[in-house]
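Colleague: Quick one: this structure, given as structure tokens, is what I'll be asking you about.
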Amino acid sequence: MNGQINNVSEKERLLSPKRIIAADVTTGKTVWLTDKIFPQHFYPLSIKEYCEAIKRGVKEGFSRIPILSVSSKDFPYCDFNCIDCLACPSREWAISNSYIKYPVIPIDTYKKVLSEISRYSRIRGCDSVRFELCGEGNPDLYRDRVEMIKYATQECGMKIVYVSTGSQMSEELIECLAQYAFCIRISFPGINSAAYDFYSHQNSSHTFEYEDAINLIGKLCKKREEFRRSGELLIGTRTCIRPLNDGSYTNFIRTIGEFGVDAFQAVKVLTPEYGKHQCENMSRKAISELLALKECYREFGISSFQIPNDLTKIYNDRSLREDSKPTRCWSSLVSPPLYGTNLICCVLWDRITNPLYHYGIMEGRNGELEELMNGTNAQFIKENCPKNCRDCCAYNDNKFMESLWRVLRTQENIDNIEFFFEY
Ligand code: SF4
Ligand code: SF4
């Protein structure tokens, strides 16, 4: 299995488009386009599946939109103690009250839930749901992880995206991910030894260090070769742009590029209290290094390089202005996260901790998703999101889906509209 068509790998095909257009195939006229296509964000799906889902919604009604992607927060404990960890308040809440039925999901229940999600989406046109495992802690520590991944891929046709520091990956898990996952993204709290140590802020006597993380990257790339999956398994890295990383980006990119890593992503630090930090600027050193790398990252063997568009503030501003709110939260329809077995509208802290914003608790019953996605809470979510959302964690997704929906609903014959990538 190497995912090659005409010598172009599936991975390359998904990482290289420059924009997507919606065109009327009877007239050749382009009716909509965007160059904000975020390949790493959607991989191993692409923005095209999201466009098709909106088209289906316009044509057949919103209840016919499939769930395309689920981010599963299935393990609320972590061996790191990162500065700025966003998960801490919500996981304490999840563990200490009864709204989250299973902060750690029993494997038999998990399997039923996976089957139900894939059934729901399959009959709505999506055969391969993107299933992202990111814990709400360290996903490596979930005891039945290998069994869960094998079931999701082999029995449900899901495409696994695995996000972790990798600090607790067993040999068995490494082998399983190299064989079955479509994306492995290793999070680096820092991209040099001192920054890693400082920002991961580990308390234990057996710390996982920067060098361990780099060795893990090498091991994952080697395993991927052994399974001949370099054409479809994306291996990426992610870090936050923070002061102790300044001056280390080039060296880091060179190091991971030599191993065969595909993708690098540097993001702004997230905080629920952006207002308190809005005067903190990114350093000139970081800005100039990242902009220089943006021009030459391919020379280091990296295929996808993603940095924020606006490199001024150090913290990420997710506030949602009244005049830019979409008519509905599209993202809660196509990519609702799972917290334990609770299906939620999004991953914002104040949404996780308010059960009104939960579609409900999944048991894995056949047909239960039709009930949950149309139930009382679904109605509440529809009426209140984004109307009563102050920040939005899916701002870009909602923006492009809203603009596409506005165009598609005015088309005389929507069957004539098809989507094409431009390279
Ligand atoms: S690794 Fe992730 S979940 Fe764990 S402490 Fe760090 S930011 Fe939080
Ligand atoms: S914050 Fe954004 S993603 Fe979350 S419910 Fe509101 S509109 Fe949807």
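Colleague: Once label points are set 7 Å from the Cα along Cα→Cβ at both Asp350 and Ala292, what is their separation, rounded to one decimal in nm?
Modeller: 4.2 nm
Colleague: Using the beta-carbon distance between Cys279 and Asn388 and R0 = 30 Å, what value does 1/(1 + (r/R0)^6) give for FRET efficiency, to the nearest 0.05? Present the calculation step by step, with values, prior to reporting the outcome.
Modeller: Values: r = 28 Å, r/R0 = 0.92.
Efficiency, from the Cβ-Cβ distance: 0.60.
Colleague: Sticking with this one: Between Glu211 and Ser115, with labels modelled 7 Å along Cα→Cβ, what's the label distance in nm to one decimal, could you check?
Modeller: That separation, rounded to one decimal, is 4.8 nm.
Colleague: Would you mind ranking Arg119, Arg321 by Cβ crowding within 10 Å, fewest neighbours first?
Modeller: Lowest count first: Arg321, Arg119.
Colleague: Quick one: order Val31, Val261, Val58 by neighbouring beta-carbon count within 10 Å, fewest to most.
Modeller: Val31, Val58, Val261
Colleague: At 7 Å along Cα-to-Cβ for each site, give me the label-to-label distance between Asn374 and Phe227 in nm.
Modeller: Roughly 3.8 nm, to one decimal.
Colleague: A follow-up question, please. Hey, in the GNM for the chain with a 10 angstrom Cα cutoff, which one of His206, His358, His41 fluctuates hardest?
Modeller: His206
Colleague: Arrange the peptides 59-66, 182-189 so that the one whose residues have, on average, the most other Cβ atoms within 10 Å appears first. Mind dumping the intermediate values first?
Modeller: Details: 59-66: 15.6, 182-189: 23.6.
Top to bottom by mean Cβ count within 10 Å: 182-189, 59-66.
Colleague: Taking the Kirkwood radius as the inverse of the mean 1/r across Cα pairs, report the Rg/Rh of the chain.
Modeller: On the way: Rg = 20.9 Å, Rh = 22.2 Å.
A ratio of 0.94.
Colleague: Additional query: Total Lys pairs in the stretch 69-322 closer than 13 Å by alpha-carbon, pairs eight or more apart in sequence or interchain only? Don't skip to the end; give the middle numbers.
Modeller: Values: Lys73/Lys101; Lys111/Lys150; Lys150/Lys159; Lys268/Lys313; Lys276/Lys313.
For the stretch 69-322, qualifying lysine pairs total 5.
Colleague: Right, another one. What's the extension gain from Phe38 to Thr410 if we count 0.36 nm per residue and subtract their Cα-Cα distance? Write out the running numbers ahead of the final one.
Modeller: Details: separation 372, 0.36 × 372 = 133.92 nm, distance 2.61 nm.
This chain segment gains 131.3 nm when fully extended.
Colleague: Arranged by the count of other C-beta atoms within 10 angstrom, fewest first, what order do Leu141, Leu68, Leu291 take?
Modeller: Numbers: Leu141 18, Leu68 21, Leu291 11.
Lowest to highest Cβ neighbour count: Leu291, Leu141, Leu68.
Colleague: With the radius of gyration and the Kirkwood radius both derived from the Cα set of the stretch 72-215, what is their ratio Rg to Rh? Intermediate values should be presented prior to the final figure.
Modeller: Details: Rg = 16.1 Å, Rh = 16.2 Å.
Value, to two decimals: 0.99.
Colleague: Students often forget the sequence filter, so: which aspartates and glutamates lie under 18 Å Cα-Cα from Lys59 once same-chain residues fewer than 8 apart are removed?
Modeller: Answer for Lys59, where 18 Å is the Cα cut-off: Asp24, Glu49, Glu402, Glu412, Asp415, Glu418, listed by chain and number.
Quick note: the coordinates plus some simple rules give every number you see, no bench work behind them. Here the structure is a predicted model, which is why all the values come from computation and not from measurement. No Cβ is skipped: glycine too gets one built from the backbone with ideal geometry, and neighbour counts run over all protein chains shown.
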